[in-house]
Amino acid sequence: MKIASKYNPAEVEGKWYQYWLDNGFFKSKPDGREPYTIVIPPPNVTGVLHMGHMLNNTIQDILVRRARMQGKNACWVPGTDHASIATEAKVVNRLAQKGIKKADLTREEFMEHAWEWKEEHGGIILRQLRKLGASCDWDRTAFTMDELRSESVIKVFVDLFNKGLIYRGVRMVNWDPKALTALSDEEVIYKEEHSKLFYLRYKIEGEDGYAIVATTRPETIMGDTAMCINPNDPKNQHLKGKRVIVPLVGWVIPVIEDDYVDIEFGTGCLKVTPAHDVNDYMLGEKYHLPSIDIFNDNGTISEAAGLYVGMDRFDVRKQIEGDLKEAGLLEKVEAYENKVGYSERTNVPIEPKLSMQWFLKMEHLAEIALEPVMKDELKFYPHKFKNTYRHWMENIKDWCISRQLWWGHRIPAYFLPEGGYVVAETPETALVLAKEKTGNAALTMADLRQDEDVLDTWFSSWLWPISLFNGINEPDNEEISYYYPTNDLVTGPDIIFFWVARMIMAGYEFRGEMPFRNVYFTGIVRDKLGRKMSKSLGNSPDPLNLIEQYGADGVRMGIMMAAPAGNDVLFDDALCEQGRNFNNKIWNAFRLVKGWEVSEDIAQPEASALAVKWFDAQLCKTVAEVDDLFSKYRLSEAMMAIYKLFWDEFSSWYLELVKPAYQQPIDAVTYRATLGYFDALLRLLHPFMPFITEELWQDLEERKPGESIMIARMPEAKAADSRLLSDFERVKEVIAGVRSVRLQKNIPNKESLDLEVFGAHDRAFDGVIGKMCNLSSIKSVTEKSAGAVSFLVGTTEYAVPMSGNIDVEEELKKLRDELAYQQGFLQSVLKKLSNEAFVNKAPAKVIDMERKKQADAESKIRSLEEAIASLS
């Protein structure tokens, strides 16, 4: 036999992946077939494969491989994201190791270093995905900053600006003091913190008293420009129209009144710092208060503060507590739980900051993207995420799209020498517009200054399903017309706002239709204790090590066992081991079948003929079930249905039924049917386990060069014989009953038994029962033999005569011991039921349970007494 005795993934996986590549099976071009398109959620160019990628890309590959086997033109487009903040941080760190500061480089010099870093690291994660078996069309690999995608981004910016949807202005933004850039609201993560609530004394001007203000941020008092009270607060009426002195700082600020102030919080007095709090900013706008920006971009105190200049904001918080106490201006400090906003990228607390930024108006975009999802024209799986989506869309804020970085798409706005700016796709067009706007025909490119900022990374990835097919630059090209809208998006719920919602907006704004028909939300991968996987906890296994240990198919299966859509995935290495064991089960079943000698001269036994019919029905039923589960995106359940079909029905039942006697041949009819079933099972399994299925499918029969299970057709659902299936389930119960008797009585399998039937019984399956149970005879009786051990299947009693098969004395001892136990148990139940107090107080359910115990015990006692009598 040429098939190895053990399955070794290392010998198989690389060989077949290269074969698929060499034969161009992953490639797609528009043709007359129905397209099936998936675009990969582009991993960060900085990234390496982690368990979240494993889950996400396994699911995508399952969907793509299945579509390909259904005869569709499957196109899975890979690519990476330029990840502005993360990549720039990596490049800055690498330069620092060489003693180079970003500030000492020109933009062009820095970008050279950044592109160099991208070329070194940018393809790592995509190369790693090949190990998993990902069947992407690698010729289509894209990058969010490549030429086509960059053109698309700039074109879209100009288009939205010309539509009046993009504007520039000073607004309160989320500032990241480490990355030195603004962030959108969605890039801020709020964490519960054990903070302090400081009660500060603001002296009332011209009086001896103080107004007490509670704040979590005493370090911002240098930016206070008012105190605010609620006009309906009885305890602060005396402060109306007064002015107070800011502690330590010494300047005088007015007391203003607004019902925004929460009377219940602290003392009901609020310090107003318009430059450093979103709500204070709104009060400042409303009451025309001055705004003092006391922070430098890096989170240190600025010259404008007048105190603590150059110190870090958190060092100031520690020092100012002592200084306030010493000055007698700190009333008290309390422990306080509050939520603090952190930068999603750098994990430092963000600073609300007034800044000149570019914004995209979202109201119109949210409006066009909400209805299709709520009406299920574009479907979410699981559906529960529709509510999350709706809530965000209905409470949307304008998107801050500018970032104070160099790595990214530079904003195509050009400032004019006399003030103002123009927006254009190219510098040349900008110069033409600048001349028109100023009326100065003598202007040159040197007179224009392009905005230094770049666009938010998500401003390029929101175009991904369109820009991958060049649908922005050439809206009517063949590819966008054929592949768009795409079919399925597989992603995590954590980027529903960052990415999913924005892609839907872009789809309707620039194409007038949805970007994808279905969104499958995976869960978050956690360890078996439910903790999120992270480097710091050391609970995140290296996927490549898992593949080396268990094989790609074992890992794919392991992760899918734990992955119901939208629910968190509790991952355990033991699941990969289970996946590897299943590989071995398939391999050994294949070796068994291919090891049989085949004879054209012997007739098909009755048991085998029935087994072939039954498994055909079982296969039809499972194919229909799998189709239904895929239509509902219940992929884990679909996989388990095929797993059970192979392990339970095919291996444990079918192969046992048709297996020839030791050193005897199998008939050719049954053998051909068995190979046909093996072929169908491999095709069903292929999307989940691509490597082992290809290896065995190639060995199943002679194949021509260029043939592959990848492009073989998926088995199609046909009507299953439900009557045959239900009859066979009853047969299985009879077989299980006889096997249980053998086990109880320690009768070896090689010893043949007789089976007596008392009641209705279908003789059509006697050949099957006889073979599986090693029976000499099956006969209907009106009375079972003395000493026979019986069991019920439905209302029919089956009995196995014991003569000669058991030690009578030993069996009588066991029966008498069991009888004594049951009689003692019955007495304890009767004692309870004869206790009036118990019967009167106990709930009806408890009384019924005790009566059931009595009836069961009495029934067992009768059976035991009958068995003892028959053996005595």
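The values are calculated or read from the model by the stated rules, or taken from the named source; none is laboratory data. These numbers come from a predicted model, not from an experiment. Counting neighbours? That spans all protein chains shown, and the Cβs are built from the backbone with ideal geometry, glycine included. Areas reflect the complete protein model, heavy atoms only, side chains present, ligands, DNA and RNA absent. Shrake-Rupley method; radii C 1.70, N 1.55, O 1.52, S 1.80 Å.
Which value, in debye to the nearest 20, gives the size of the charge dipole of region 750-816 about its Cα centre, when Lys and Arg are +1 and Asp and Glu are -1 at the Cβ? Mind showing how you got there, number by number?
Working: 8 positive and 11 negative charges, 22 e Å.
Roughly 100 debye for region 750-816.
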Top positive-direction residue, dipole computed over the chain with Cβ charges, set PRO801, TYR342, PRO485: PRO801
Residues with amide H under 5 Å from that of LEU405, placed H, sequence gap 5 or more: VAL454
Mean projected area in nm² (Cα convex hull; one quarter of hull surface) for region 759-816: 4.9
The chain, relative contact order in percent, only Cα pairs under 8 angstrom and at least six apart counted: 12
The chain: angle of helix 9-22 to the longest principal axis, Cα-based, in degrees nearest 10: 60
Relative contact order (%) - region 81-221, alpha-carbon pairs under 8 angstrom, separation at least six: 14
In Hz, Karplus ³J(HN,Hα) per residue of region 144-152 (6.51, -1.76, 1.60; θ = phi - 60°; x = Gly, Pro): 4, 10, 6, 4, 5, 5, 5, 4, 4
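Quick one: divide the alpha-carbon radius of gyration of region 524-670 by 2.2 N^0.38 Å and tell me what you get.
Rounded to two decimals, the normalised Rg is 1.34.
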Partners for LYS325 among lysines (Cα-Cα distance below 20 Å; same-chain residues under 8 apart left out): LYS196, LYS203, LYS271
Share antiparallel - DSSP beta bridges, the chain, percent rounded to 5: 70
Sequence-separation-based contact order of region 518-618, relative, with Cα cut under 8 Å and 6+ spacing, percent: 27
Relative packing of 426-438, 175-187, 454-466, which averages over residues the other C-beta atoms within 10 Å, highest first: 454-466, 175-187, 426-438
Student exercise, region 675-833 dipole from Lys, Arg, Asp, Glu Cβ charges, in Debye to nearest 20: 520
Cα-centre dipole for the chain with unit charges at Cβ (Lys and Arg positive, Asp and Glu negative), debye to 20: 1520
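Kirkwood hydrodynamic radius (Cα pairs, Å) of region 105-250? Display every interim value, and only then the final one.
Values: mean 1/r = 0.0448 Å⁻¹.
Kirkwood hydrodynamic radius for region 105-250: 22.3 Å.
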All-pairs Cα distance distribution in the chain, expressed in whole percent, bin size 20 Å: 12, 31, 28, 19, 10, 1, 0
Normalised per residue, the volume of the convex hull around the Cα set of region 752-872 (Å³): 130
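Shape call for region 325-474 from the C-alpha gyration tensor, a ≥ b ≥ c root eigenvalues: rounded (a/c under 1.5), prolate (a/b greater than b/c) or oblate?
Numbers: a/c = 2.69, a/b = 1.22, b/c = 2.21.
Taking the square roots of the gyration eigenvalues as a ≥ b ≥ c, region 325-474 is oblate.
Less than 13 Å Cβ to Cβ from PRO290, Lys/Arg counted +1 and Asp/Glu -1: what total charge do the surrounding residues give?
Values: positive: none; negative: ASP224, ASP280, GLU285, ASP293.
Taking every Cβ under 13 Å from that of PRO290, the sum is -4.
Sorting check: for 666-672, 778-784, 698-704, which peptide has the highest mean count of neighbouring beta carbons within 10 Å, and how do the rest follow? Walk me through the numbers on the way to the answer.
Details: 666-672: 18.1, 778-784: 12.7, 698-704: 11.1.
Per-residue mean Cβ counts within 10 Å order the peptides as 666-672, 778-784, 698-704.
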Dipole-positive endmost among GLN70, VAL252, ASN774 within the chain (Cβ charges, Cα centre): ASN774
Tilt relative to the chain, helix 313-326 - C-alpha long axis, 0 to 90 degrees, to 10: 60
0 to 90° range, to nearest 10: angle between helix 722-744 axis and the chain longest Cα axis: 70
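Rounded if a/c is under 1.5, else prolate if a/b is larger than b/c, else oblate: which is region 164-208, with a ≥ b ≥ c the root eigenvalues of its Cα gyration tensor? Walk me through the intermediate numbers first.
On the way: a/c = 3.46, a/b = 1.68, b/c = 2.06.
Cα axes put region 164-208 in the oblate bin.
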In Hz, Karplus ³J(HN,Hα) per residue of region 669-674 (6.51, -1.76, 1.60; θ = phi - 60°; x = Gly, Pro): 5, 5, 4, 5, 4, 5
All aspartates and glutamates inside 12 Å of LYS532 as judged from Cα atoms, apart from same-chain residues fewer than 8 positions distant: ASP568
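State which entries of LYS286/LYS361; LYS98/LYS155; LYS191/LYS240; LYS621/LYS779; LYS72/LYS131; LYS240/LYS353 exceed 27 angstrom in Cα-Cα distance in the structure shown. Numbers along the way, then the final one.
Details: LYS286/LYS361 22 Å; LYS98/LYS155 37 Å; LYS191/LYS240 36 Å; LYS621/LYS779 33 Å; LYS72/LYS131 24 Å; LYS240/LYS353 29 Å.
The pairs that break the limit, which is 27 Å between Cα atoms, are LYS98/LYS155; LYS191/LYS240; LYS621/LYS779; LYS240/LYS353.
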With every protein chain in place, the chain: carbon and sulfur % of accessible area (1.4 Å): 50
Helix-only CD estimate at 222 nm, as mean residue ellipticity for the chain, using -39500 (n - 2.57) per DSSP H run (n ≥ 4): -13500 deg cm²/dmol
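State, to one decimal in nm², a quarter of the convex hull surface area for the C-alpha atoms of region 272-351, i.e. the direction-averaged projected area.
6.9
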Probe 1.4 Å, accessible area per residue of the chain, Å²: 45
Under 20 Å from the Cα of LYS814 - aspartates and glutamates, other chains or at least 8 residues apart: ASP856, GLU858, GLU865, GLU866
Cα pair distances exceeding 16 angstrom across region 317-406, given as percent: 75
Cut-off under 5 Å, modelled amide H: who pairs with ILE666 long-range: GLU597, VAL598, SER599
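Within region 446-492, which GluC sites (Glu not before Pro) sit in a loop by DSSP and count at most 16 neighbouring Cβ atoms inside 10 Å? Mind showing how you got there, number by number?
Working: sites: GLU452, GLU478, GLU479; in loops: GLU452.
In loop regions of region 446-492 (DSSP not H, G, I, E or B), the sparsely surrounded GluC sites (Glu not before Pro) are GLU452.
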